[in-house]
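First up is the structure itself, then whatever we jot down about it.
Nothing in this text is a laboratory measurement; each read-out follows from the coordinates by a stated rule. These figures come from a predicted structure and were not determined experimentally. Here Cβ is always computed from backbone atoms with ideal geometry, including for glycine, and neighbour counts include all displayed protein chains.
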Amino acid sequence: MSERNKHFTDADRAYIEAGLRAGKTIREIADALSHDRTTVSREVRKHAVDSRKGTHYSPNQCTRRADCAVCGLCRDRPGCRRRCAACRDRRCNDLCPMYGRIECPRRLSRPGMVCNGCPDEGRCHLLKTFYVAREAHKAYRATLSEARSGIEAGESELAYIDGLVSPGIAKGQSLHHIFVANRDRFTRDERTVSRYLHDGHLSAKRGDMKRSCMVRPRRKRAKEREYKVEKGCRVGRTYADYMAFMEEHPDTHVVMMDLVIGRVGGKCLLTLHFPEASFMAAYLIPDKCAASVGAVFDDLWKALGPDTFRKLFPVILTDNGSEFSNPSKIEKAPDGTPRARVFFCDPMNSNQKSQLERNHEIVREILPKGTSFDNLTQEQVSLAMSHVNAYVRYVQSDRTPYDVFKMHYGEDAATALGVSHVDPKTVCLKPSLVGIRQPMLYETVTVMRK
């Protein structure tokens with residue numbers, strides 16, 4: 001590695017993988033790259049990935065598989081083969097709280113604790129761990145992109161800047177005048193503050209400035225820029241933390257949260273799914289940002305009241321989208337008191353909230369992918385969700401999600417969430433329900449031959 005480059009390149013990672021395959025030590029690889037051995041060791045451990053190569057002969061990798069007394073964990077889950085009693089179905093490895101992975105002593109003694117270059121790789125039936133340069137570089141690029149995205153200012157600093165800028169603009173002052181007059185008070189430079197203003201992070205808007213309406217705005221890309229509000233928002237909120245929390249509080253029910261995208265850069269749907277009832281509520285938000293998501297929960301806090309809100313939303317499980325990057329806005333009420341817990345799924349693991357994804361398929365029957373939500377109203381969205389929740393589900397013993405939800409939480413709670421009763425006989429799952437013209441599936445084309 002060059003002394004001027006502090007980051008590993010794809011060539012450096014390829015050399016690390018080849019060195020591990022050749023049986024070189026971490027020190028030898030680090031010396032060849034002119035870098036510290038702890039940095040190379042940290043790189044290998046951080047980006048090592050598990051592999052089930054050769055585990056089909058022994059799919060269960062639990063240390064207690066010989067005398068396991070836990071069974072029936074996946075009996076009520078989709079795809080269950082009813083083989084848990086014999087402990088042969090490897091799904092229990094992901095579900096059982098008593099699972100302990102069988103560790104290979106040879107792998108633990110190898111440099112970087114990976115299986116690269118192990119002579120027994122072809123004969124070993126245990127779960128393996130490899131360092132793959134291509135996957136490591138891809139993960140590095142994703143981490144680098146996420147670290148560079150988002151605004152640097154936190155909520156308190158943004159409120160401080162807003163207190164300096166917005167009152168001045170209300171008096172007819174220009175942004176440059178405000179910055180020069182209060183230069184020693186600003187924590188960011190003028191260009192950064194201008195970007196915060198133009199992207200809607202301050203109370204004052206672009207149209208409030210006296211010359212902005214006379215200047216044509218710069219052309220933007222189709223996809224609006226997304227900003228993260230809270231850095232390190234996933235610390236203490238990972239899926240492993242979620243599993244540990246649920247192990248301590250097994251009776252706590254979970255609400256799954258996600259976003260349904262319409263036109264890129266346009267309005268979106270925030271969906272909240274209650275798995276025990278297959279019940280889903282949806283709310284139209286103006287854009288894909290954390291502030292819009294937090295505003296929905298503030299509105300629900302007012303509509304439901306503190307007691308009902310805490311009863312409905314004790315734990316919220318969501319994905320890693322930037323629109324959910326301000327979990328403290330969801331977890332805390334406007335007065336600062338705690339009201340919910342937010343956890344994040346592992347990246348690229350939609351199966352961890354598969355019930356929500358399945359319900360999205362029904363929503364997409366009314367709002368097909370590619371449909372713009374810009375012309376929809378919240379009343380139309382509520383109507384669509386009322387019909388979705390009136391659709392009979394086999395997993396609910398041929399009952400509707402609305403009836404099951406009403407039995408658990410009452411009709412008033414469903415009404416406060418914007419869902420009303422619909423007779424199952426009148427359910428419509430077509431785009432025409434909300435006034436969307438359904439596209440033609442087939443088109444007759446006449447080919448003229450000369």
Which ordering of Asp184, Asp162, Asp258, Asp36 is given by a fewest-first count of other beta-carbon atoms within 10 Å?
-> Asp184, Asp36, Asp162, Asp258
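When Ser174, Ser397 are ordered from fewest to most other Cβ atoms inside 10 Å of their Cβ, what list results?
Ser397, Ser174
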Where the only charges are on Cβ atoms (+1 Lys, Arg; -1 Asp, Glu), what is the dipole of segment 155-214 about its Cα centre, to the nearest 20 debye?
-> 300
Order the peptides 311-319, 405-413, 25-33 from the highest to the lowest mean number of other Cβ atoms within 10 Å of their residues.
-> 311-319, 25-33, 405-413
Provide the percentage of antiparallel DSSP beta bridges, counting only those with both residues in segment 239-434; round to the nearest 5.
-> 70
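Between Val235 and Ala69, take the C-beta separation as r, use R0 = 25 Å, and let me know the FRET efficiency to the nearest 0.05.
Efficiency, rounded to the nearest 0.05: 0.10.
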Sequence neighbours fewer than 8 away in the same chain don't count; with that in mind, list the aspartates and glutamates whose C-alpha is under 18 Å from Lys302.
-> Glu331, Asp335, Glu411, Asp412
Rel. contact order, % - alpha carbon contacts under 8 angstrom, at least six apart, segment 239-434 = 23
Scattering curve values for segment 280-373, log₁₀ I(q)/I(0), Debye with Cα scatterers, q = 0.11, 0.14, 0.17, 0.24 Å⁻¹ | -0.36, -0.59, -0.87, -1.42
Inter-site label distance for Arg45 and Ile261 at 7 Å from Cα along Cβ, in nm = 3.6
Packing-based exposure ordering (other Cβ within 10 Å, fewest first) of Ser322, Ser278, Ser350 = Ser350, Ser322, Ser278
Of the cross-linked pairs Lys332/Lys406; Lys332/Lys425; Lys329/Lys369; Lys46/Lys205; Lys6/Lys205, which ones have a Cα-Cα span greater than 32 Å in the structure shown?
-> Lys332/Lys425; Lys46/Lys205; Lys6/Lys205
Efficiency by 1/(1 + (r/R0)^6): what FRET value for Thr337 and Lys53, r their Cβ-Cβ distance, R0 = 60 Å, to the nearest 0.05?
-> 0.75
Dipole magnitude of segment 239-434, debye to nearest 20 (Cβ charges: Lys/Arg +1, Asp/Glu -1, about Cα centre) = 420
Highest mean packing first, using Cβ neighbours within 10 angstrom, the peptides 421-431, 197-207 sort as 197-207, 421-431
Between Thr192 and Ala170, how many nm apart are label points set 7 Å from Cα along the C-beta direction?
-> 2.5
Using alpha carbon centroids, what distance separates segment 232-283 and segment 298-323, in Å?
-> 10
Quick note, segment 239-434: a/c under 1.5 would make it rounded; otherwise a/b > b/c is prolate and the rest oblate (a ≥ b ≥ c, C-alpha gyration tensor); here it is rounded
Can you give me the relative contact order of segment 155-214 as a percent, contacts being Cα pairs under 8 Å and 6 or more apart?
-> 41
